[in-house]
Amino acid sequence: MARSMLSVCAAVAAWSLSAVAFAADLLVPAQYATIQAAIDAAVAGDTVLVSPGSYNERLDMKGKAITLKGANGYTQTILDPLGTAGYLLTAQTGETQAGTIIDGFSFRNSPTGGMK
């Protein structure tokens with residue numbers, strides 16, 4: 001009886017470990033050419049880590065509980081859509097304050113405002 005119980009416990013432990021998802025760092029531009037491509041590929045718990053530079057993009061967080069982070073802080077990581085219309089960053093599809101974190105970016109040249 002003890003031997004079969006040990007086998008069951010080992011099987012449950014193995015299943016539990018395989019079911020655990022591990023958070024990943026998605027690197028822009030090393031792994032993804034654009035910030036939005038990395039956001040699109042991210043799953044809950046992941047971090048999109050953006051290298052210093054100026055990025056001419058408009059971003060949609062798409063309801064994901066992820067961290068979007070400028071690697072060296074806001075003075076070196078800039079979102080600048082070059083004055084085209086629209087918001088720089090959209091977070092309106094279920095993102096939560098606890099689950100979605102945006103840190104380390106400067107927003108520039110958005111005629112309609114920064115975030116929606």
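No value in this document is a laboratory result; all are computed from the given coordinates. Quantities reported herein were computed from a predicted structural model and do not represent experimental measurements. Glycine also receives a Cβ, built like all others from the backbone with ideal geometry; neighbour counts cover every protein chain displayed.
Other residues whose C-beta falls under 11 angstrom from the C-beta of residue 67 contribute a net charge of -1, scoring Lys and Arg +1 and Asp and Glu -1.
Here the calculated FRET efficiency for residue 43 and residue 92, from their Cβ-Cβ distance with R0 = 25 Å, stands at 0.80, rounded to the nearest 0.05.
Of the chymotrypsin sites (Phe, Trp or Tyr not before Pro) found in segment 22-94, those in coil by DSSP whose Cβ has at most 14 other Cβ atoms within 10 Å are 22, 74.
Amide H to amide H distances under 5 Å link residue 53 with 77, 78, where only residues 5 or more positions off or on other chains count and H is placed in the peptide plane.
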